[in-house]
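Taking it in order: structure first as structure tokens, then the write-up.
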Amino acid sequence: MDRGILDPEDWELQRKVAHQAVDDLLNYLRDISTSPVWTEPKDDLLTLAAHDLPEYGRPLDEVYSDIREKILPYRMGNIHPRFWGWVIGSGTFSGALGDFISSTMNSNNAGGNHAGNHIENQVINWAKQLLKYPEYASGLLTTGGSMANIIALTIARNEKCGYDIRELGVQGKIIIYGSTETHSSVQKAAELLGLGNKNYHQIGVNENFEIDCDELESTIERDLKEGCRPVCIVGNVGTVNTGAIDDIVRLRAIADNYGLWLHVDGAFGAIARISPKYENLATGISLGDSLAFDFHKWLYVNYEIGCVLVKNRSAHIGTFSVTPDYLEHGTRGVHGGIWFSDYGVELSRNFKALKAWVMFQELGASKFRDAVTMNIEQAKYLSSLVKDDPQLELMAPVPMNIVCFRYNGGSGDLDKINREIVLQLHEKGIAVPSYTMINGKYSIRVAITNHRSKNSDFEILVKKVVEIGVHLDKTTQ
Ligand SMILES: *Cc1c(COP(=O)(O)O)cnc(C)c1O
């Protein structure tokens, strides 16, 4: 049999190992709720991870047994029903299967006439339908919300700066606006785009952590007087700290008044739009000139997959298209078809659409709507448990799927106690919330983008937080 130099000598061994892996991984996911959420990496993994590069290989079954024994036990934990740290999605087995299949096809979605690009185009169109975004918008699947924000802000900068910035580079003070609650990826974008942090103006927020539109307007006025060039406002539909939703209607009016681009960061929050019961939370996403959101957070698709949608297709292509001879788009052969490299930073791109496509085909949109609705109701349930317990304190409003609270037994250093509670929850494998500072106070933060969580999981969380808190109170007095 003909084979490549890197192909297996023994195809049957590969088959056996792959079948074993599928069986193991199905069990791994099926039984996930009975295992600890997180286990600290021990010497077996650390030793393996310190090995030098092998000059000569070994059989795949041996390699796989290292994976099974020393890698699989030390997952991050986000496939477990009690993982609610940061904003991290939970994935499915069918998503993983899609990834495996696309990886085996190993196509490059830079462009060309092949299934990868047709399916990516379809998944982008499905996203527009799901989110009720205009059909004519252009889009690109990205590695995540950060890249989606960077792409959108580049288009905004190029479109609104008033001169040929691709040719001349950044000149003068080009200003973008967000709130103090806006995600750090927007700061990265401001730095990467050559604007500099001094020209990223972060506006204050009200008691609900929504952008202060009056302050925004007066800042734009001041910047104009000083000869700066404002180009873009970033509005939040779901801030990372508390899930706050900016007044996008007002931001649209301000953007129109000053001729600015309005970009909406809806990394997870945009997805509330798919819930028939709670879609009102996210109607603002349609008002922006562009939208960033993730499939890998609140649509539960396996990492990595995000998306950017842009209403002005020619501005989108006008920002990123570079077509040297060797990338010329044709109409025949593999050259034909769609060229996604015209819509973003990267040329070589994987076929990440397939995992989302498999999940939507298998589950239908309705299951996703149910899961998102369930997660919002779980946030309400958790906040009711917190409010009902005199030893717990709710730290911020709960407009969507994020709950910030803390243990407050009435005494002691509450920042220190709550920090210790979070660490013990992790280390004991009970639950993984993360934390944030709310008005300068350390808060336990639970972001629910997990299709495996049940109400009983939140009951366990609350019980354990109080138990650990009471114990800490006693032992530190
Ligand atoms: C997570 C997040 C991002 C960044 O998305 P990644 O997929 O992690 O790159 C941007 N904005 C908000 C509001 C987020 O929650």
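Taken together, the values in this text are just the output of simple stated rules run on the coordinates, not laboratory data. A quick note: this is a predicted structure, and the numbers were derived from the prediction, not measured. So basically every Cβ, Gly included, is an ideal-geometry build from the backbone, and we count neighbours across all protein chains shown.
Values for this structure:
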{"read-out": "Per DSSP, loop chymotrypsin sites (Phe, Trp or Tyr not before Pro) in the stretch 113-184 with at most 13 further Cβ within 10 Å", "value": "136, 163"}
{"read-out": "Computed FRET value (nearest 0.05) for residue 321 with residue 191, which takes r as the C-beta separation and R₀ as 25 Å", "value": "0.55"}
{"read-out": "With eigenvalues of the C-alpha gyration tensor scaled by 5 and rooted, the stretch 1-109, Å", "value": "28, 20, 14"}
{"read-out": "More than 18 Å apart - percent of Cα-Cα pairs taken over the stretch 416-465", "value": "30"}
{"read-out": "Euclidean distance between Cα centres, the stretch 142-206 to the stretch 50-125, Å", "value": "31"}
{"read-out": "10 Å beta-carbon shell around residue 59, net charge (K/R +1, D/E -1)", "value": "-3"}
{"read-out": "Mean shadow area of the stretch 342-410 over all directions, Cα convex hull, nm²", "value": "8.0"}
{"read-out": "Alpha-carbon spread of the stretch 299-352, three principal axes, descending order, Å", "value": "38, 26, 16"}
{"read-out": "Unit charges on C-beta of K, R, D, E only; dipole of the chain, Debye", "value": "880"}
{"read-out": "Once exposed loop GluC sites (Glu not before Pro) are cut out (DSSP; at most 10 other Cβ, 10 Å), longest piece of the chain", "value": "329-477"}
{"read-out": "Mean separation of Cα contacts under 8 Å (6+ apart) over length of the stretch 22-157, as relative contact order %", "value": "19"}
{"read-out": "Calculated P(r) of the chain - Cα pairs past 35 Å, %", "value": "40"}
{"read-out": "Reachable aspartates and glutamates from residue 188, criterion Cα separation under 15 angstrom, eight or more residues apart if same chain", "value": "265"}
{"read-out": "Rg(Cα)/(2.2 N^0.38 Å) for the stretch 1-46, N = residue count", "value": "1.75"}
{"read-out": "Low-density loop positions, trypsin sites (Lys or Arg not before Pro), the stretch 360-408 - DSSP coil, at most 13 other Cβ in 10 Å", "value": "none"}
{"read-out": "Solvent-free Debye scattering, log10 I(q)/I(0), computed from the Cα coordinates of the stretch 138-266 at q = 0.10, 0.14, 0.16, 0.17 Å⁻¹", "value": "-0.28, -0.56, -0.74, -0.84"}
{"read-out": "The stretch 199-335 - percent relative contact order, Cα under 8 Å, separation 6 or more", "value": "16"}
{"read-out": "Theoretical ellipticity at 222 nm over the chain - DSSP helices of four or more residues, -39500 (n - 2.57) apiece, nearest 500", "value": "-13000 deg cm²/dmol"}
{"read-out": "Scattering curve values for the stretch 198-346, log₁₀ I(q)/I(0), Debye with Cα scatterers, q = 0.08, 0.10, 0.18 Å⁻¹", "value": "-0.30, -0.46, -1.11"}
{"read-out": "At most 12 other Cβ within 10 Å, DSSP loop - trypsin sites (Lys or Arg not before Pro), the stretch 9-85", "value": "42"}
{"read-out": "Anisotropy class of the stretch 341-477 from Cα gyration tensor, a/c 1.5 cut", "value": "prolate"}
{"read-out": "Residue 39 versus residue 411: modelled label distance in nm, points set 7 Å from Cα along the beta carbon direction", "value": "4.0"}
{"read-out": "Cross-link pairs 367/454; 416/474; 173/198; 277/355; 277/380; 277/463 - those with Cα-Cα distance over 20 Å", "value": "277/355; 277/463"}
{"read-out": "Cβ-based charge dipole, the stretch 317-464, positive-most Cα from 376, 337, 461", "value": "461"}
{"read-out": "Gap separating the Cα centres of the stretch 435-456 and the stretch 302-317, nearest whole Å", "value": "29"}
